[in-house]
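Structure first, then comments.
The values are calculated or read from the model by the stated rules, or taken from the named source; none is laboratory data. All values reported here derive from a predicted model rather than from experimental measurement. Cβ atoms come from the backbone with ideal geometry, glycine included; neighbour counts cover every protein chain shown. Accessible surface areas use protein heavy atoms only, side chains included; no ligands, DNA or RNA. Shrake-Rupley method; radii C 1.70, N 1.55, O 1.52, S 1.80 Å.
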Amino acid sequence: MAKPVKIETEYITLGQFLKLAEVIQTGGMAKWFLGEYEIFVNNEPENRRGKKLRDGDMVYIPDFGTYIVKN
């Protein structure tokens, strides 16, 4: 089951999302994390930390879990 990650704005970037979901400790780790791990947004591979995620988007990170953006 997907873990909901609540946002207060219309969208959040993938880099900000990783920190909010507690996958990484700091925003500075986002670039490194995206280079080291596969991430899928709505079943499509994604490696841009500036990718905008909106309400209802699904983020799957193998070995970490599945998340859904909620606002």
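Note on segment 35-51: residues that are of a type outside the set (F, W, Y) and open to solvent by less than 70 Å² (accessible area, probe 1.4 Å) total 6. Of the numbered criteria (1) aromatic (F, W, Y); (2) crowded, with 16+ Cβ neighbours inside 10 Å; (3) more than 16 Å from V5 (Cβ to Cβ), the one W32 fails is (2). Note on segment 26-46: residues that are in a loop (DSSP other than H, G, I, E, B), on the phi < 0 side of the Ramachandran plot and modelled with pLDDT of 95 or more amount to 4. Looking at the structure I just gave you, is R54 touching a residue at least 24 places away in the same chain (Cβ under 8 Å), out of contact with any strand residue (DSSP E or B) (no Cβ under 6 Å at 6 or more places or on another chain) and open to solvent by 40 Å² or more (accessible area, probe 1.4 Å)? It is false that R54 is touching a residue at least 24 places away in the same chain (Cβ under 8 Å), out of contact with any strand residue (DSSP E or B) (no Cβ under 6 Å at 6 or more places or on another chain) and open to solvent by 40 Å² or more (accessible area, probe 1.4 Å).
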